Amino acid sequence: MSQKLAMQEVPGALALEVTDLTVAFEKQGRRVEVVSGVSFSIAAGRTLGVVGESGCGKTMTSLAVMGLTPAHGLVSGSIRLAGQEMVGAPERVWEDSRGARAAMVFQEPMSALNPVMTIGRQIAEVLVRHRRMRWREAHEHAVEALASVGIPSPGLRAKDYPHRLSGGMRQRAMIAIALACRPAVLVADEPTTALDVTIQAQVLDLMVEMQERLGMAIQFISHNLAVISEIADEIVVMYAGKVVEKAQADDLFNAPLHPYTRGLIETLPDPQRRVARLPVIPGAVPKLDVDFQGCRFAGRCRLADDHCRAVSPSLELHGAGHWVACHKVDV
Ligand SMILES: Nc1ncnc2c1ncn2[C@@H]1O[C@H](COP(=O)(O)OP(=O)(O)OP(=O)(O)O)[C@@H](O)[C@H]1O
Ligand code: SF4
Ligand SMILES: [Mg+2]
């Protein structure tokens with residue numbers, strides 16, 4: 001039995017464990033950390049939401065988990081996928097892992113789907129490669145996989161090329177490909193951002209349903225806290241490459257402790273009026289290719305003082321499972 005299947009049969013076993021992950025690039029002779037000391041874990045059957053504004057390092061974190069960081073990126077720390085350490089593993093090990101231990105869905109399915117190969121063939125390929133099925137058997141499984149993600153007339157759709165499907169159906173097809181080998185972890189990077197609200201809700205429901213069926217862990221990335229709130233058990237808030245707050249979803253919404261998280265929650269639409277209560281947090285995520293002293297949020301924080309600007313706050317525990325990086329949590 002493969003290690004990943006064994007993982008899924010143990011409720012609470014860690015499907016993904018990321019410790020002190022750093023992703024750095026050389027830019028004009030300087031080392032720039034776009035992901036800095038990030039740690040989190042996801043148990044089988046659970047969903048971790050990763051939220052933060054554009055440029056906070058969400059995608060770079062998920063690409064690192066998939067071993068797909070751009071070639072000149074330097075990855076350090078530890079990434080354990082279904083128990084196996086992946087940082088420093090040879091590309092051959094990553095190739096075996098992708099699809100089987102961890103699979104990814106993206107915002108734009110057309111960037112992940114092969115435009116000149118039928119949907120059915122794309123699913124079958126994964127099964128032939130990772131599950132060593134024969135082509136005929138793999139094609140039968142591909143049709144079943146399309147049916148399982150709610151694609152009508154799956155036998156016919158399997159013969160279609162991606163451009164023939166609507167946006168929502170393409171996203172379903174990409175989920176079918178990602179889940180074909182029952183990965184221990186599904187990394188979903190803004191999977192519903194490009195979809196209209198109704199289709200977005202359907203795709204979220206599908207992911208939850210597939211998780212109940214297959215027991216995989218989900219790392220769900222979005223800049224939209226409202227979408228994260230629909231699906232996440234635990235939430236990591238990232239700001240400028242660092243984790244600033246991490247907590248169970250209920251705790252984060254009911255008692256946010258970091259000024260950035262509070263700002264994100266204040267900008268959520270008011271359910272009564274369906275408009276944002278406050279405009280976006282003033283200011284922008286700082287450029288990372290300058291030397292940083294102190295808290296990366298200081299330039300936008302109402303509470304910032306000289307100590308904040310001089311000393312970077314470390315992530316500390318403030319209640320069960322509730323981590324915050326701020327000098328003024330108790331203010
Ligand atoms: N190929 C690359 N080389 C160097 N730096 C990069 C590269 N791609 C992205 N970056 C930088 O890494 C940082 C994090 O980017 P990332 O794409 O992870 O952000 P994000 O949180 O996913 O944002 P978005 O919400 O816009 O998707 C940014 O500062 C970005 O400029
Ligand atoms: S450490 Fe200071 S600047 Fe940073 S979030 Fe906390 S109060 Fe604001
Ligand atoms: Mg991104």
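Quick notes
- DSSP bridge analysis restricted to the chain gives an antiparallel fraction near 60%, rounded to the nearest 5.
- Folded to 0 to 90 degrees: helix 197-214 orientation relative to the chain principal axis, Cα: 70
- Intensity falloff of the chain expressed as log10 I(q)/I(0), Debye formula with alpha-carbon point scatterers, at q = 0.10 Å⁻¹: -0.60
- Taking every DSSP bridge with both residues inside region 108-261, close to 55 percent are antiparallel.
- If you take all other residues with their beta carbon under 13 Å from the beta carbon of Thr192, and give Lys and Arg +1 and Asp and Glu -1, the sum is -4.
- Listed pairs Lys246/Lys328; Lys27/Lys287; Lys287/Lys328; Lys242/Lys287 exceeding 20 Å between Cα atoms: Lys287/Lys328
- Gyration tensor verdict on region 101-156 (Cα atoms; rounded if a/c is under 1.5, prolate if a/b is larger than b/c, oblate otherwise): oblate
FYI, it's all coordinate maths here, none of it is from the lab. Predicted model, so just to flag it, every value in this text is computed and none were measured. Glycine also receives a Cβ, built like all others from the backbone with ideal geometry; neighbour counts cover every protein chain displayed.
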